[in-house]
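This report refers to the structure that appears directly beneath it.
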Amino acid sequence: MRFWWVNHKQTFAAEIAGQYIWCPKRKQNGALNHFYETLREVQRGDVVFSFAYAHLQAVGLAKLPCYSCPRPDEFGRVGEAWSDRGWRVDVGFQRFAKPLRVTAVADQIARLLPDKYSPIQSNGHGNQGAYLAGISATLARRLLELAEPSLLGLLDANVLHEGGTLISDPDSLTEWEERLQQRIAASDSIPETTRRDLILARRGQGQFKQNVARLEARCRLTGVTNPTHLIASHIKPWRESNDEERLAGTNGLLLTPSIDHLFDRGFISFDDDGVTMISPVADPEALPRMGVVLDRRLFAGSFSPEQQRFLEYHRREIFLRSAA
């Protein structure tokens, strides 16, 4: 369990109501931002504190690890200059009965603030540009003692912990894909057969799977060769690809369902040399049960230059490991 502090004045109302936090992946100039990259490190069951309008407003547990997702519609004109895709973490926020004015207790928490990348200044005012910052368990406990002692149990037991990784997608991802699929189905500019192929490609089947199978013969990690048990998994996800990329054989790998899930959600990736990369937020107990051995270096084989191009996107935009 880790502990986080989010500063979200502009988007506070939408994020608390929607039970999530969201930020763009890059600054407006395209550079990485440490306080955005930290979202990629959030794990299921982590504790997140909400700070807005000079007050600590709420606390909650992360329901799922981070994932790539479009900018929420409910933000409206807020953040129009941000990119349309960012990082999202679903959080079960509980609002405090009485928000805690942080400047009033700054002298009690100042010595507990991080030396680097602190979410607030020692006087209790927010740090400009800080969105999500890691804090210590000691600070988290003191904040709850001051704001809502009845919620201290959140720190003592990870009520979301379980031995396996869920193979269900967040509702927001499903809704995103369904909106895209509806647009494809309703498009008069796309031939009917192509529309069908694009829709089937969403589930790793149809023409896309045939295109991938011309290049791939087995699951890269488990070695399964029976096509009945394999999914054509997009390297650059279907939901983030254009129509050409959705059907491109070089944008796919044949994977078993559990490996497809891990890859699609960014729990694993591959470097250009074929070494399997494992996210620090992946469940070490679940991974071996899902086909990922942890006691040795895993090689997935070689990749073509086109596959490497898509893998670079996957590592940058999907894989759950902070680059800052």
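Where a number appears in this text, it was derived from the coordinates with a stated rule and is not lab data. Because the structure is predicted, anything quoted here is derived from the model rather than measured. Positions of Cβ are generated from backbone atoms using ideal geometry, with glycine treated the same way; all protein chains shown enter the neighbour counts.
Both the radius of gyration and Dmax for segment 171-317 are 15.2, 52 Å, in that order, over alpha-carbon atoms.
Listing Lys116, Lys25 from fewest to most neighbouring C-beta atoms within 10 Å gives Lys116, Lys25. Angle, helix 192-201 long axis vs. longest principal axis of the chain, Cα atoms, 0 to 90°, nearest 10? The angle comes out near 60 degrees. Take the Cβ atoms of Asp169 and Asp84, set R0 to 30 Å, and the FRET efficiency comes out at 0.95. Angle of helix 305-317 to the longest C-alpha principal axis of the chain, folded into 0 to 90 degrees and rounded to 10: 20°. When the chain is treated as a Gaussian network with alpha carbon springs shorter than 10 Å, the biggest mean-square fluctuation among Ile235, Ile268, Ile184 belongs to Ile184.
Please quote Rg/Rh for segment 3-156 to two decimal places, taking the Kirkwood radius as Rh and restricting both calculations to Cα atoms. Walk me through the intermediate numbers first.
On the way: Rg = 14.6 Å, Rh = 15.5 Å.
Rounded to two decimals, Rg over Rh is 0.94.
Given the rule -39500 (n - 2.57) for each run of at least 4 DSSP H residues, summed and divided by the residues of the chain, what is its mean residue ellipticity at 222 nm, to the nearest 500 deg cm²/dmol?
Numbers: 12 runs with 94 residues, N = 324.
One gets -7500 deg cm²/dmol as the mean residue ellipticity at 222 nm.
The calculated FRET efficiency for the pair Asn127 and Glu317, based on their C-beta separation and a Förster distance of 25 Å, comes to about 0.40.
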